[in-house]
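The values are calculated or read from the model by the stated rules, or taken from the named source; none is laboratory data. All values reported here derive from a predicted model rather than from experimental measurement. Reconstructed Cβ throughout: ideal geometry from the backbone, glycine too, with neighbour counts over all protein chains shown.
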């Protein structure tokens, strides 16, 4: 195939989920106050508004953590994660936080002021994710894993189950920490089609562990416009440092190649939809700089700029060249989240008295793993997050555009009706994925 001048492609992978539910029931309360037993809430925020609040918060966090991790990694390193998995696990953590601890978590994750909005939003978004569609697989799950002898507050356990569908399993962390770790990891693997294994590494759980909060998310979908495997050829891909590597480049250049597309002076934007029968539209959004400079794509990673650029997408014929890739990533996020603005939660000054009525718990670790494979048929993606808590120590011409992803890019999978970012990442070198 003919190669264009190498430029940098940054691909952000974003899943946005849309829900259409009748409403939310639960307990009126706010983090930092005494919690009551869940009962139906009257006159809570409308479902659509609550979903929008949670989605907007997650999207802003997605851009923040992408930029933070990108600044910590080499520019030639690939990056992929599920911001919604991380947000979900920390929303459950936030439910037990009080005072400054709660304020800092809320600030980092942009959680709404009204706890009813947060709870209804997550309840409805998660229900929408798990609603099912014959054409794709999409699921999310939460769980609490508690030390069997530790007196957690019933109100906290009930809130987790009512709003986040997080059932609690009692484990013997004190006497059987390794067996407990295996049990949790097996649950994660089962929820992610075995794509995320050994989420919690050896030694992370010990006799001081009192609670582990987990989230797992899984997606598998086929393209509306699948690529012909016979058309996939070897091609050059230019990394951010200028190195040329060989990749398997898929292509779709026929008259039926109608995609969502827009562009700016510095950027091309491609929307590749997945098959769906229920009417819930999910797609991959790819941000491709016109030159080999990821900064052009990363500069639009703000809520307003991203909405503006994706809002200008229109259907048209596009000649698409896109690399196949598969990668697995793992992040220890304790330092990252602390530096983003919530350091108290990881110290002896943490206040998670909403969980147990004391200030004896703090977060020891936040670990995240993610997986993605993109090929001619579609995309498979999975991610999981664990929060481990322990006792404190204690425009242009009218011609068919050509979209050649032969250099680094940001990619996302998105539910186009709500804009909720479930996955985000970049490909700097498909051959090393």
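Here are some notes:
- Meets criteria (at pLDDT 95 or above, over 27 Å from residue 122 (Cβ atoms) and in contact with a strand residue (DSSP E or B) (Cβ under 9 Å, 6 or more places away or on another chain)) for residue 319: yes
- Any hit, segment 136-151, residues being within 19 Å of residue 214 (Cα to Cα), in a loop (DSSP other than H, G, I, E, B) and modelled with pLDDT of 95 or more: yes
- Residues located in segment 226-263, provided they are under 25 Å from the mean Cα position of the chain (by Cα) and either surrounded by fewer than 16 Cβ atoms within 10 Å (Cβ to Cβ) or closer than 26 Å to residue 196 by Cα (or both): 226
- Residue in segment 38-54 that is at pLDDT below 85 and within 26 Å of residue 389 (Cβ to Cβ) present: yes
- Residue in segment 364-375 that is modelled with pLDDT of 95 or more, under 28 Å from residue 223 (Cα atoms) and outside any strand (DSSP E or B) present: yes
- Within segment 261-278, tally of residues that are part of a loop (DSSP other than H, G, I, E, B), closer than 19 Å to residue 290 by Cβ and in contact with a strand residue (DSSP E or B) (Cβ under 7 Å, 6 or more places away or on another chain): 1
- Within segment 239-255, residues that are at negative phi and outside any strand (DSSP E or B) have Cβ atoms under 7 Å from residues that are surrounded by 12 or more Cβ atoms within 10 Å (Cβ to Cβ) and at pLDDT 95 or above in these pairs: 239/245; 253/319; 255/317, counting only partners at least 6 apart in sequence or on another chain.
- Selection count, segment 334-350, where residues are surrounded by fewer than 21 Cβ atoms within 10 Å (Cβ to Cβ) and part of a loop (DSSP other than H, G, I, E, B): 4
- Residue match in segment 175-192 (condition: in a strand (DSSP E or B), touching a strand residue (DSSP E or B) at 6+ places or on another chain (Cβ under 9 Å) and surrounded by fewer than 24 Cβ atoms within 10 Å (Cβ to Cβ)): no
- If you filter segment 53-107 down to residues that are in a helix (DSSP H, G or I) and out of contact with any helix residue (DSSP H, G or I) (no Cβ under 8 Å at 6 or more places or on another chain), you find that the one that is nearest to residue 218 (Cα to Cα) is 85.
- In segment 161-178, the residues that are in contact with a helix residue (DSSP H, G or I) (Cβ under 6 Å, 6 or more places away or on another chain) and more than 22 Å from residue 85 (Cα to Cα): 171, 173
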